[in-house]
Structure formats: structure tokens, C-alpha cells
Amino acid sequence: AQSVTQLGSHVSVSEGALVLLRCNYSSSVPPYLFWYVQYPNQGLQLLLKYTSAATLVKGINGFEAEFKKSETSFHLTKPSAHMSDAAEYFCAVSDATGGFKTIFGAGTRLFVKA
Amino acid sequence: EPEVTQTPSHQVTQMGQEVILRCVPISNHLYFYWYRQILGQKVEFLVSFYNNEISEKSEIFDDQFSVERPDGSNFTLKIRSTKLEDSAMYFCASSQVGSRTDTQYFGPGTRLTVL
């Protein structure tokens, strides 16, 4: 079965600092991985996805993530945090058991300090 | 840009009442999904729907739940007799095709409060 684990339920950074949100996956087959963002009182928006092409995936709003098979990781980074990045971030993996559901991690809330 | 819409944004109901949550998926999408997020917990899959049939459902999706595509645009989730533990944010999603790599587009959610 597929699963993702997000390390840290809360991350706090200063504006302009590096953002690093950690995600590790478990999968018996090559995984397809996603990062979603949820702004307050809004739905889930896709930031980026990995589908076995390039291991470094660039997404919207300056975010990127690197797929590392040896570490079973798919960490999300942004070089310089902006106040508008404050939100909840979800790592997710696409189900490989026959259905197409998305399996989500517990989420990491990002706080950005001025 | 096309988007998934959901109504209402917030629904308050009494325990035991029936509720219907409505979604309008993106128009050329063929696969539809419902997920829920209990406050403070992770987003959980409920059901997927394709070609007017349930494709997959989780153990959460018991006989109290049903889904329907009553016309060419709406996709609904019905909870027959709500329980307190049904209080959650419910997200509808749609994807163009059914594949592991296809992006699922999520609506803004309906917050259901059961009193």
C-alpha cells in the first residue's frame, strides 16, 4: 500500500528564508507524488507533481520538489519565503491498487514571520 | 481557468437529518471524487465515480452515503442520516481521465456541521 509521511505538523520561517517541507513516501511500485497547498478557507490547489520524468519538479509560486528514490523522499522547497506562502501543505501519492484515489499526508502548516 | 465548484460552502444540520452536498466538476472531466477532512486530520478518500457508477469506495463510505450524477453537470454526495462524526470539510474533485498521473482538481469544499 502507498503512504506518505510529512515530518513536522508546523514549520515557521522568516520572510525571505528558505522553505523546506519534508515528505517521505512508502510505495511498492514507482510512486506518483504530488504537493497540494490549502490557503485558509479555500480548497486544495496543486503545486506540483512527479510522474517519473525529471526528478526535480518545478511548480507554481516558485516551489520545487526533488524526488530521491534512495531516500524515499519528495521534499518541497522554496528559496525565499513570502508572507503569502503561509498555508497548509499536503504531500500526496497516487494510489496504485487499481483505483485512482489520492492518498494524503497529514499536512504541514507553514507560518511566515515578518 | 475552469474550476470545480461546490455548494453550499457551509451546511449546518441536526443529527439524523439528510444532507446533499453538490458539486459541479470541470466540464470535460470524466472521473469524479469525494474526499473529506475532519478538523485537524488528514484528507481522506471517500468515493470515486465514473460512467455513472462507483469505481471505488473506502470503508468510510457506508450505506449512509450515496453519490449521484443527476444531470450532465452536477455530482452530489448524500448522507442519509447524519451523525456527529460526519462533521467535516467535504471536497469534491474531478480529473479528465482515470490514471495515476492525471491531476485531480479540487473544489473549495463544503463545511458540514452536524449538531
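Picking from B:Tyr90, B:Tyr105, B:Leu46, whose Cα lies most toward the positive end of the charge dipole for chain B (charges on Cβ: Lys, Arg +1; Asp, Glu -1)?
B:Tyr90
Report, as an integer, the average count of C-beta atoms from other chains found within 10 Å of each Cβ along B:93-104.
Values: counts 4, 0, 2, 0, 1, 2, 4, 15, 9, 5, 5, 9.
Neighbouring Cβ atoms belonging to other protein chains average 5 per residue here.
Write down the Kirkwood hydrodynamic radius of the protein assembly as shown, to one decimal in angstroms, obtained as one divided by the mean of 1/r over all alpha carbon pairs. Please report the intermediate quantities before stating the final value.
Numbers: mean 1/r = 0.0552 Å⁻¹.
For the protein assembly as shown, inverting the mean 1/r across all distinct Cα pairs yields 18.1 Å.
Scan region B:34-115 for GluC sites (Glu not before Pro) in coil per DSSP, keeping those whose Cβ has at most 15 other Cβ atoms within 10 Å, and list them by number. Write out the running numbers ahead of the final one.
Details: sites: B:Glu44, B:Glu53, B:Glu56, B:Glu59, B:Glu68, B:Glu85; in loops: B:Glu59.
For GluC sites (Glu not before Pro) across region B:34-115 that sit outside H, G, I, E and B with at most 15 neighbouring Cβ atoms in 10 Å, the list reads B:Glu59.
For the charge dipole of the protein assembly as shown, defined by +1 on Lys and Arg C-beta atoms and -1 on Asp and Glu C-beta atoms about the Cα centroid, which residue among A:Pro30, B:Gln11, A:Ala87 has the Cα displaced farthest towards the positive pole?
A:Ala87
Report the calculated FRET efficiency for A:Glu66 and B:Leu30 (r = Cβ-Cβ distance, R0 = 35 Å), to the nearest 0.05. Provide the component values of the computation, followed by the final result.
Values: r = 32 Å, r/R0 = 0.91.
It comes to 0.65.
Return the whole-Å distance between the Cα centroid of region A:5-70 and the Cα centroid of region B:84-115.
That distance is 20 Å.
Order of B:Ser94, A:Ser27, A:Ser14 from fewest to most other C-beta atoms within 10 Å? Could you put the intermediate results ahead of the total?
Values: B:Ser94 25, A:Ser27 18, A:Ser14 11.
Sorted ascending by nearby Cβ count, the order is A:Ser14, A:Ser27, B:Ser94.
Which order results if A:Cys91, A:Cys23 are arranged by neighbouring Cβ count within 10 Å, fewest first? Show your work: numbers first, answer last.
Working: A:Cys91 29, A:Cys23 24.
If I rank by nearby Cβ atoms, fewest first, I get A:Cys23, A:Cys91.
Rounded to the nearest 5, what % of the DSSP beta bridges within chain B are antiparallel ones?
On the way: 35 of 39 bridges.
Here the antiparallel bridges make up roughly 90 percent for chain B.
Counting only other residues whose beta carbon sits under 14 Å from that of B:Ile26, what net charge do I get with K and R as +1, D and E as -1? Don't skip to the answer; put the middle values down first.
Numbers: positive: B:Arg69; negative: B:Glu1, B:Glu3, B:Asp102.
Once all neighbours under 14 Å are counted, the net charge is -2.
Given points 7 Å out from each Cα along the Cα-Cβ axis, report the B:Asp62 to A:Val29 separation in nanometres with one decimal.
Simple spin-label model gives 3.1 nm for this pair.
Quick one: compute the contact order of region A:41-114, relative version, from alpha carbon pairs under 8 angstrom and 6+ residues apart, as a percent. Working shown, then result.
Values: 92 pairs, mean separation 14.3, N = 74.
Relative contact order of region A:41-114: 19 percent.
Coordinate-derived values only; no laboratory data. Quick caveat, the model's predicted, so the values are computed rather than measured. A quick note on method: Cβ atoms are made from the backbone with ideal geometry, for glycine too, and the neighbour counts reach across all protein chains shown.
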